[in-house]
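Contents: one structure, followed by commentary.
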Amino acid sequence: MFGSNRGVWPAWLIMFVLSLLLGWLPIIGPAAAGWIGGLQAGTVGAALVAAVVPAVIVTALVWLLGIVFDVAFVAALVGIGLFMVLVIGALPLFVGAYIGGAMAESRARRAVR
């Protein structure tokens, strides 16, 4: 479906862009983005890693801003809290990524037989 361009990098980019585009659909939008990104990732593990990468990037940016403005401790606390909110809020994305990754693994196993 997506050719041989599989892995975490293209999957998290697809999930991020589709989450932004489909964000107006409360649960279905992130789930669809996760499903498509999971298919792109190729495995369940890669899909789940790709789903958490945007949350890690946002958390790191918040922490770096705190370092720049010399409030590292507060930035660390806010970054950890923000990470938890992003991960819990992206639960449909994780479910979709898991389903998409499982489907991609199943397709790969059937292609080998």
Worksheet item: What is the gain in length, in nm to one decimal, between A111 and W24 on full extension, counting 0.36 nm per residue of separation less the C-alpha to C-alpha distance?
Response: 27.7 nm
Item to complete: Tell me what the chain gives for mean residue ellipticity at 222 nm when only DSSP H runs of n ≥ 4 count, each as -39,500 (n - 2.57), the sum divided by the residue total, rounded to 500 deg cm²/dmol.
Response: -28000 deg cm²/dmol
Worksheet item: Once a ≥ b ≥ c are taken as the square roots of the eigenvalues of the Cα gyration tensor of the chain, is the result rounded (a/c under 1.5), prolate (a/b larger than b/c) or oblate (a/b not larger than b/c)?
Response: prolate
Response to the item:
Per the 1/(1 + (r/R0)^6) rule, R0 = 35 Å and r from the Cβ atoms of D70 and L91, FRET efficiency to 0.05 is 0.50
Worksheet, complete the sentence: Mean separation of Cα contacts under 8 Å (at least 6 apart) over the residue count of the range 16-113, i.e. the relative contact order in percent, is 43
Worksheet entry | Gain upon complete extension [A102, V56; 0.36 nm per residue less C-alpha separation] | 14.2 nm
Worksheet entry | By average C-beta atoms within 10 angstrom, highest first, the peptides 93-105, 69-81, 30-42, 49-61 | 30-42, 93-105, 49-61, 69-81
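Which whole DSSP H helices in the chain pass both tests: a Cα extent of 27 Å or more along the axis and a mean Kyte-Doolittle value no lower than -0.5?
TM-like helix candidates: 44-68, 91-112.
Readers should treat all values here as calculations from the given coordinates under stated rules, not as data from a laboratory. Quick caveat: nothing in here was measured; it's all calculated off a predicted structure. Positions of Cβ are generated from backbone atoms using ideal geometry, with glycine treated the same way; all protein chains shown enter the neighbour counts.
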